[in-house]
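The values are calculated or read from the model by the stated rules, or taken from the named source; none is laboratory data. Keep in mind the model is a prediction, meaning the values are calculated, not measured. Here the Cβ positions follow ideal geometry from the backbone for every residue, glycine too, while neighbour counts run over all protein chains shown.
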Amino acid sequence: MISGLDQHGRNNDALSVFQKMVGLGMKPTSSTFACVISACANVGGLCLGSQVHGHVMKLGYVFDVYVIASLITLYANCKHMNNSFKVFDEKLHMNVVVWTSLLTGYGVNRKHEDALQVFGDMIRMGVIPNQSSFTSALNSCREMEAVDWGKEIHGAAIKLGFERDVYVGNTLVLLYTACGNISNGVSIFNEISEKNIVSWNTIIVGCAKHGYGKGSLTLFSQMVKARVDPDDITFTGLLNACSHSGMLREGICFFEYLCQCTAIETKLEHYACMVDILCRNGKLDEAEELVKTMPIEANLSIWLALLNGCRMHSNLEVAERACKYVLDIDPHCSAAYVLLSNMYASAGRWADVSRIRRNMRKSDSIKQPGCSWVTEKRAWHISFVSGDMSHP
């Protein structure tokens with residue numbers, strides 16, 4: 001029962017059953033402990049999980065690989081990676097499940113270099129990675145934009161026969177498209193044996209992000225022919241494709257089809273994309289009308305999209321109205337002040353520039369400086385911040 005509740009996401013119910021079980025004097029098995037610790041990990045129950053860890057040690061289950069893996073995940077999810085590593089480091093008999101739990105834990109805590117170090121150590125120890133090992137390692141590569149590391153892990157996946165696996169394949173497509181290597185992303189996508197909705201969405205969104213709008217639309221046609229039903233993410237990708245490739249007519253058609261011909265909920269992301277499409281094509285009045293007539297309240301990003309569109313087409317009248325809405329939502333939004341100030345400067349309205357700058361200082365809005373990072377031989381170097389002369 002505990003296992004079933006845990007697998008169906010009813011974690012608190014699983015923990016309640018466990019507490020009743022212990023109260024009745026029943027002795028838990030290693031499988032029970034693994035499920036209970038997993039439930040604690042999912043709800044962030046560090047206190048109860050630590051107590052269960054104590055019982056595990058008393059009952060001698062500390063060498064069960066699934067219990068170990070669950071404990072590593074528990075501490076990782078609760079941001080206690082030192083404890084995760086301690087559980088891992090104490091064990092003499094470690095298999096792929098335990099290694100992958102530590103690897104994934106580092107990734108969850110955004111310690112991606114450590115995650116990739118674990119993956120490398122795992123290989124050197126002769127532990128053969130599984131599907132989850134590859135997806136976790138590749139996700140860390142993507143987060144770091146470490147495409148060279150990703151290529152090596154890709155090579156290992158091919159050698160071990162994972163190149164056609166849908167989950168590893170999806171992660172590889174995401175890695176390559178996120179780093180701008182669309183051709184590799186498409187090649188891997190084509191090799192995936194049983195594509196799912198995530199596969200199609202990943203390649204459509206990846207192409208859209210890098211300006212391959214027509215490619216995204218072609219892929220969508222193939223998706224329809226393959227009888228895969230689109231979801232809200234699919235339409236976000238399609239609308240982004242139309243936005244980044246200047247396809248006004250196609251964007252309007254997709255948006256109207258989404259709103260009128262599907263049961264998919266139209267979300268703020270879809271409206272933001274449509275506003276961006278209209279703005280990029282100079283339809284600022286239509287964009288403002290769409291924002292004002294939306295059935296859901298426009299958020300900051302939508303008003304900023306409209307404001308940025310006004311900057312592109314030097315429309316101060318709409319920009320002033322959009323800026324008012326932005327600052328009503330977030331009085332400290334430096335982007336709004338900077339955009340409007342720059343527009344006033346371009347129009348030679350220096351008194352308004354001074355007024356905006358004064359208001360910006362009064363609101364304690366600070367424009368964040370730009371920065372960049374440098375990598376050399378897989379080592380991450382200190383970031384360079386705009387205007388900072390202290391770095392040698």
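Look at PHE33 and say whether it is surrounded by 15 or more Cβ atoms within 10 Å (Cβ to Cβ) and modelled with pLDDT under 80.
No, not satisfied.
Please name all residue pairs, on different chains or six or more residues apart, with Cβ atoms under 7 Å, provided the first residue is in segment 106-128 and is among the acidic types (Asp, Glu) and the second residue is buried (at least 21 other Cβ atoms within 10 Å of the Cβ) and at pLDDT 95 or above.
Going by the 7 Å Cβ cut-off, the qualifying pairs are ASP114/TYR106.
For segment 159-169, what are the residues that are surrounded by fewer than 24 Cβ atoms within 10 Å (Cβ to Cβ) and either within 20 Å of the chain's Cα centre (by Cα) or not aliphatic (A, V, I, L, M) (or both)?
LYS159, GLY161, PHE162, GLU163, ARG164, ASP165, VAL166, TYR167
Being surrounded by 14 or more Cβ atoms within 10 Å (Cβ to Cβ) and either outside any helix (DSSP H, G or I) or out of contact with any Phe, Trp or Tyr (no Cβ under 6 Å at 6 or more places or on another chain) (or both): is that true of ALA41 here?
Yes, satisfied.
Determine whether segment 228-243 contains at least one residue that is more than 30 Å from HIS313 (Cβ to Cβ), among the β-branched types (Val, Ile, Thr) and surrounded by fewer than 24 Cβ atoms within 10 Å (Cβ to Cβ).
Yes, there is a match, as at least one residue in segment 228-243 is more than 30 Å from HIS313 (Cβ to Cβ), among the β-branched types (Val, Ile, Thr) and surrounded by fewer than 24 Cβ atoms within 10 Å (Cβ to Cβ).
Looking at segment 116-129, can you tell me whether even one residue there is β-branched (Val, Ile, Thr), outside any helix (DSSP H, G or I) and over 25 Å from GLY180 (Cα atoms)?
Among the residues of segment 116-129, at least one is β-branched (Val, Ile, Thr), outside any helix (DSSP H, G or I) and over 25 Å from GLY180 (Cα atoms), which makes the answer yes.
Among the residues of segment 277-313, count how many are part of a loop (DSSP other than H, G, I, E, B) and acidic (Asp, Glu).
Final tally of qualifying residues: 1.
Name the pairs: first residue in segment 19-38 and in a helix (DSSP H, G or I), second residue acidic (Asp, Glu) and surrounded by 12 or more Cβ atoms within 10 Å (Cβ to Cβ), Cβ to Cβ under 6 Å, at least 6 apart or on different chains?
Note: pairs meeting the criteria are SER30/ASP64; CYS35/ASP6; SER38/ASP6.
Out of VAL65, VAL87, VAL96, which single residue is out of contact with any Leu (no Cβ under 8 Å at 6 or more places or on another chain), buried (at least 17 other Cβ atoms within 10 Å of the Cβ) and within 21 Å of CYS40 (Cβ to Cβ)?
VAL65
Residues in segment 190-227 that are assigned to a loop (DSSP other than H, G, I, E, B), basic (Lys, Arg) and surrounded by fewer than 17 Cβ atoms within 10 Å (Cβ to Cβ): how many?
The qualifying residues number 1.
Taking the conditions exactly as written (touching a Pro at 6+ places or on another chain (Cβ under 8 Å), free of Cβ contacts under 8 Å to residues at least 60 places away in the same chain, over 20 Å from PHE189 (Cα atoms) and surrounded by fewer than 20 Cβ atoms within 10 Å (Cβ to Cβ)), does ILE264 satisfy them or not?
It is true that ILE264 is touching a Pro at 6+ places or on another chain (Cβ under 8 Å), free of Cβ contacts under 8 Å to residues at least 60 places away in the same chain, over 20 Å from PHE189 (Cα atoms) and surrounded by fewer than 20 Cβ atoms within 10 Å (Cβ to Cβ).
Tell me which of these MET312 doesn't satisfy, since it passes every other one: (1) buried (at least 18 other Cβ atoms within 10 Å of the Cβ); (2) under 29 Å from the mean Cα position of the chain (by Cα); (3) under 14 Å from ASN342 (Cα atoms).
Every listed condition holds for MET312 apart from (1).
Given (1) of a type outside the set (Asp, Glu); (2) on the phi > 0 side of the Ramachandran plot; (3) in a helix (DSSP H, G or I), identify the lone condition not met by ILE252.
Only one criterion in (1) of a type outside the set (Asp, Glu); (2) on the phi > 0 side of the Ramachandran plot; (3) in a helix (DSSP H, G or I) is unmet by ILE252, namely (2).
Could you list all residues from segment 63-115 that are outside any helix (DSSP H, G or I) and acidic (Asp, Glu)?
Residues satisfying the conditions are ASP64, GLU90.
Only one residue in SER133, SER216, SER140 is modelled with pLDDT of 95 or more and farther than 30 Å from CYS273 by Cβ, so which one is that?
SER133
Could you check how many residues of segment 148-207 are among the hydroxyl-bearing types (Ser, Thr, Tyr) and either out of contact with any helix residue (DSSP H, G or I) (no Cβ under 8 Å at 6 or more places or on another chain) or modelled with pLDDT under 95 (or both)?
Looking only at that region, the number is 3.
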